[in-house]
1. Output the residue which, of all residues in segment 180-199 that are in contact with a Leu (Cβ under 9 Å, 6 or more places away or on another chain) and not aliphatic (A, V, I, L, M), is surrounded by the most Cβ atoms within 10 Å (Cβ to Cβ).
2. Name the residues in segment 122-143 that are open to solvent by less than 30 Å² (accessible area, probe 1.4 Å) and either over 25 Å from the mean Cα position of the chain (by Cα) or among the small types (Gly, Ala, Ser) (or both), would you?
3. Go through (1) out of contact with any helix residue (DSSP H, G or I) (no Cβ under 9 Å at 6 or more places or on another chain); (2) closer than 23 Å to Pro301 by Cα and name the single condition Ala78 misses.
4. If Lys67 satisfies all but one of (1) open to solvent by 30 Å² or more (accessible area, probe 1.4 Å); (2) in a helix (DSSP H, G or I), what's the number of the condition it fails?
5. Regarding Arg292, is this residue out of contact with any helix residue (DSSP H, G or I) (no Cβ under 9 Å at 6 or more places or on another chain) and open to solvent by 10 Å² or more (accessible area, probe 1.4 Å)?
6. If the requirement is being of a type in the set (Ser, Thr, Tyr) and surrounded by fewer than 18 Cβ atoms within 10 Å (Cβ to Cβ), which of these qualifies: Thr146, Thr168?
7. Is there a residue in segment 302-311 that is assigned to a loop (DSSP other than H, G, I, E, B) and either touching a His at 6+ places or on another chain (Cβ under 7 Å) or open to solvent by less than 50 Å² (accessible area, probe 1.4 Å) (or both)?
8. Can you tell me which of Ala119, Ala74, Ala88 is among the hydrophobic types (A, V, I, L, M, F, W, C) and either crowded, with 21+ Cβ neighbours inside 10 Å or touching a Pro at 6+ places or on another chain (Cβ under 9 Å) (or both)?
Amino acid sequence: MIHTLKALGGMLVAPHHLAAQAGRDVLRDGGNAVEAMVAAASTIAVVYPHMNAIGGDGFWLIHEPGKPVVAIDACGPAAALATRDFYAGQATIPPRGATAALTVAGTIGGWAKALDVAATWGTPLPLQRLLADGIRHANDGIVVTTSQAALTRDKLAGLKDAPGFADTFLVNGQPPAPGHVLRQPALGRTLATLAERGLDDFYRGELGARIGAALERVGSPVRASDLAAYTAQVVEPLAVRLNDSTVYNLPPPTQGLAALMIIGLFEQLGVTEGEGFAHLHGLVEATKRAFRVRERVVTDPGRLPADPRAFLQPGALAALAAEIDTQRALPWPDPATPGDTIWMGAVDAQGRAVSFIQSVYWEFGSGTVLQDTGICWQNRGTSFSLDPAALNTLEPGRKPFHTLNPSLAVFDDGRVMPYGTMGGEGQPQTQAAVFTRYARFGQSLQQAVSAPRWLLGRTWGDVSTSLKLESRFDPALVAALKNAGHVVEVLPEAFSDTMGHAGALVRHADGVIEGAADPRSDGSVAAV
């Protein structure tokens, strides 16, 4: 029996247990869901450094009962000096090192904007309280997880020469072993500075000036002036209407459009039973159609070739769903992109809910660590193309394509469900698996997260674009998928990191909150 945890006073789910506990403790101290998420975000940037950092980007969905869902885009643009000429002579933007650190880090600005949204909800907790756990863990040390040790070892060749990486994350030039105590005093000082001076200091204060100078010193095109010009934005979320709910996600530059299209297309197929061929085949085929639209449409929001909302209208979804062959697979692959990320969710006792995602793109991002601040900088800008004719061609000030996309469903019966995952290409697919299992086929929330998962395409740096299945799937189902033309790869693991680290919360109309963390992660559900 797989049990879903329940509570009344608030709940937070995160892929690292210390982040979940940090958020839970803020709820217990009277904080709201946004404040709890800022506490969890600052903590997980310390305790799960291979997955995210304050040198990355973030996106928020915030639901307050009776109010429209608020979306926050905390994606930083390419620096003013990040031109195609800057990379002259190179076929692509390098994925690691200082020149991979070419976009502004937006996540701290997102924390600030979210706290602004929540400012009217009561007396705010001081920033020193929200960042306290992150500061403490940075100073006292974190216990290196198996996933951090393994990914450091697997990606060492590309990371070891990035500025500051070895001094920060290696032990005598070697990856740390699981259980090693890793201290990050410079990062602790940076978080303490933010707690004392305010989050804006990251962009327009003394800290921002030091960050800009450090980036320039190591060879990044990002300057203090780029930081000073940045502000996170409240944007209108994308939404798809289903027969019993409305599901929200982020607009471009995220792939939120794809996440919503997948469940919208699947709804059109009329599948009535979960876990069988119709369920998996239907979602995989919906994924292919959604990804093809994504590749044509999703780019910097200032230069979209089409309105993303048009693809979420009932007529457009019905027409595209009619092209899906319910018995045969569409030939694949199409291009795919790797990524590393964390998703977290929070619900407070007043029913306010947050779906949040924070990332440095690849594991450890660019690998560049600004040693006097301890900040590891993202490599999200490597998703830009150096081809001037490409949809996502590099230009100063443009936002890069983002795999990040948090989801939040509002049901007609009063339930609210923030849910999401990390995992690059796998994010919208895992979201669709969790949502349909829970909302369409009656599985408990924890069962929906724990059940065997699949992934079409690449993630975590894989080169294979096959349809990957965890080993727990019924062999008869695997055979049926192969017979339908899917290029199937059964992974050896029953619970594979390849499938990402998902989580979900549901608040019911009577105030009961349910939560589910992914057994594939180091995370947990923590409740009040």
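The values are calculated or read from the model by the stated rules, or taken from the named source; none is laboratory data. It should be emphasised that the depicted structure is a prediction, and the values quoted were computed from it without experimental measurement. Cβ sites come from the backbone with ideal geometry, for glycine too, and all protein chains shown count toward neighbours. When the accessible area is computed, the model is the full protein with side chains, heavy atoms only, and any ligands, DNA or RNA have been set aside. Shrake-Rupley method; radii C 1.70, N 1.55, O 1.52, S 1.80 Å.
1. The first filter runs over segment 180-199 and keeps only residues in contact with a Leu (Cβ under 9 Å, 6 or more places away or on another chain), leaving 186, 190-199.
Those left that are additionally not aliphatic (A, V, I, L, M): 190, 193, 196-198.
Working: Thr190: 26, Thr193: 19, Glu196: 11, Arg197: 14, Gly198: 14.
Only one residue tops the list, namely Thr190.
2. Gly134, Ala138, Gly141
3. Against the list (1) out of contact with any helix residue (DSSP H, G or I) (no Cβ under 9 Å at 6 or more places or on another chain); (2) closer than 23 Å to Pro301 by Cα, Ala78 comes up short only on (1).
4. Lys67 satisfies all of (1) open to solvent by 30 Å² or more (accessible area, probe 1.4 Å); (2) in a helix (DSSP H, G or I) except (2).
5. Details: out of contact with any helix residue (DSSP H, G or I) (no Cβ under 9 Å at 6 or more places or on another chain): yes; open to solvent by 10 Å² or more (accessible area, probe 1.4 Å): yes.
So Arg292 fits the description; yes.
6. Details: Thr168 fails: surrounded by fewer than 18 Cβ atoms within 10 Å (Cβ to Cβ).
Only one candidate qualifies: Thr146.
7. Yes, segment 302-311 contains a residue that is assigned to a loop (DSSP other than H, G, I, E, B) and either touching a His at 6+ places or on another chain (Cβ under 7 Å) or open to solvent by less than 50 Å² (accessible area, probe 1.4 Å) (or both).
8. Ala74
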